[in-house]
Amino acid sequence: MKRHLLPALALLSIAPLAYGQTASVSETTILQNITARDAAYGIKSAQKLDELTCNFHDNAVTARGSQEAVTAFEKDLHAADVPMKQFQITLRVVRYHVDKQGKCVEKPIQTPIITTTDKTTASISTQGDDGLELVITPQSAPDNAVNLAVEVRTLGEQGEVMCSGKNTLLAPFGKTVRITGMTEAKDKLLRRAVMRGEVVTDRGEYTGYYVEATTTTPAGA
């Protein structure tokens, strides 16, 4: 049966062997949060090694090369091998109608909550007459902020997208921000503004939705 299994040990030749140069050293690290493949192909300093051996069974990597190259790789490896950040994102979905005089009446629909990890897309469907699908991808950013990519859409009976809007916004952590929206109005300029989360009151009568999001850390994380 073992002949059908993929090899647990893979040798990746990162750079030509430095024969005749400084003596090589090696260092083995068992990874906790990333995969050996991620380490091999995602860390740039691996290219300076003579060899990088990946043990997929133990999820470990062995770096071989000059002391300088191995030390640099190990430093980058430890910086990368950290737990993925978790985000709890509270969404507020609002349906609104703007009349011919520009008066806007809003109706909050739901406040669903999504929990996901950094750079991992999650989705949730709301129920009722205003049944919508929300798709969101958070990405960590400097200065205690997060990049939020949010899409809101309505689906037909066969799962086809009937109407949608999407936008990406840099949001301060813990602060409520309006990110995107959608409308079935035909006015292209209006649709683009609504997609940016704007409520336009000077381009005629229409109905739309907007989505607000507040990103925090899940309790106990």
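Observations on the structure shown:
- All conditions in (1) within 19 Å of V105 (Cα to Cα); (2) exposed (fewer than 12 other Cβ atoms within 10 Å of the Cβ) hold for D143, with the sole exception of (1).
- Under the condition of being aliphatic (A, V, I, L, M) and more than 27 Å from A141 (Cα to Cα), the residues counted in region 158-198 number 5.
- The strands (runs of 3 or more DSSP E) located wholly in region 96-136 that include 1 or more residues which are surrounded by 13 or more Cβ atoms within 10 Å (Cβ to Cβ) and not β-branched (V, I, T) occupy 104-110, 122-125.
- Wholly enclosed strands (runs of 3 or more DSSP E) of region 24-65 bearing at least 1 residues of a type in the set (S, T, N, Q) and open to solvent by less than 20 Å² (accessible area, probe 1.4 Å): 25-30
- Single match in T180, T214 (criterion: of a type outside the set (D, E, K, R) and free of Cβ contacts under 8 Å to residues at least 40 places away in the same chain): T180
- Residue among G165, G197, G208, G181 that alone is assigned to a loop (DSSP other than H, G, I, E, B) and either open to solvent by less than 50 Å² (accessible area, probe 1.4 Å) or out of contact with any Asp or Glu (no Cβ under 7 Å at 6 or more places or on another chain) (or both): G197
- Taking the criterion of being open to solvent by 90 Å² or more (accessible area, probe 1.4 Å) and under 17 Å from A171 (Cβ atoms), the only residue of region 76-95 that qualifies is K85.
- Members of region 171-210 found to be among the β-branched types (V, I, T) and closer than 17 Å to R95 by Cβ, listed by number: I179, T180, T183, V194, V199, V200, T201, T207
So that you can scan it fast, the table gives a plain yes or no per residue for (1) under 30 Å from Q47 (Cα atoms); (2) without any contact (Cβ under 8 Å) to a residue 24 or more places away in the chain; (3) touching a strand residue (DSSP E or B) at 6+ places or on another chain (Cβ under 9 Å):
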site: V70; (1), (2), (3): yes, no, yes
site: F73; (1), (2), (3): yes, no, yes
site: D81; (1), (2), (3): yes, no, yes
site: R92; (1), (2), (3): no, no, yes
site: H97; (1), (2), (3): no, no, yes
site: G102; (1), (2), (3): no, no, no
site: V105; (1), (2), (3): no, yes, yes
site: I109; (1), (2), (3): no, no, yes
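The values are calculated or read from the model by the stated rules, or taken from the named source; none is laboratory data. No experiment lies behind these values; they were computed from the predicted model shown. Positions of Cβ are generated from backbone atoms using ideal geometry, with glycine treated the same way; all protein chains shown enter the neighbour counts. To get the accessible areas, we keep the full protein, side chains included, count just its heavy atoms, and leave off ligands, DNA and RNA. Shrake-Rupley method; radii C 1.70, N 1.55, O 1.52, S 1.80 Å.
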